[in-house]
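FYI, it's all coordinate maths here, none of it is from the lab. Keep in mind the model is a prediction, meaning the values are calculated, not measured. Cβ sites come from the backbone with ideal geometry, for glycine too, and all protein chains shown count toward neighbours.
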Amino acid sequence: MSDDVRYYESVGRRKRAVARVRLYPGDGQFVINDKELKEYFGRMQDWQEASAPLRLSKNEDRFNVSVLVKGGGITGQAQAIRHGVARALLGAEPDLKTLLRRAGYLTRDPREKERKKPGLKRARKAPQYTKR
């Protein structure tokens, strides 16, 4: 990591959630929207998901993470943060690319909610057909 860069910034997305992530050299603090990681996410599954790239690359204690996240639900936000953290880590240490790619953390999950179509009840569910 070079000394002239103060932080590494990146954006992670999942469904409607957008996370702006900054990685600072530090001691492992993880702050999301001015709250601690475990305070922001109630479920252990979500905060483990958000910090997964740091654990995988063994950088939990080397970086402080600051996140601004908007939109989506809780799990979508956790996955957007995971995506953003992985991309920011790539800026800090480019040699982690194969490790993060194999774990699937660098791939943007393209699945979105499909729009409702006219004449249907939902995106694909049609009204029941009656013969007579």
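Data for the structure
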{"quantity": "Nearest-ten-degree value, helix 74-92 long axis tilted from longest Cα axis of the chain", "calculated": "40 degrees"}
{"quantity": "Gain in span if fully extended, Gln128 to Asp95, counting 0.36 nm per residue against the direct Cα distance", "calculated": "6.3 nm"}
{"quantity": "Spacing of the two label points (7 Å from each Cα toward its C-beta) at Tyr24 and Lys58, in nm", "calculated": "2.6 nm"}
{"quantity": "Selection from Gly28, Pro94, Val18 lying farthest towards where the dipole of the stretch 8-103 points positive, charges on Cβ", "calculated": "Val18"}
{"quantity": "DSSP beta bridges in the stretch 21-132 [antiparallel fraction, %, rounded to 5]", "calculated": "70 percent"}
{"quantity": "For the chain, convex hull volume per residue from C-alpha positions, Å³", "calculated": "131 Å³"}
{"quantity": "Lys, Arg +1 and Asp, Glu -1 on Cβ, resulting dipole of the chain about Cα centre, debye, nearest 20", "calculated": "1800 debye"}
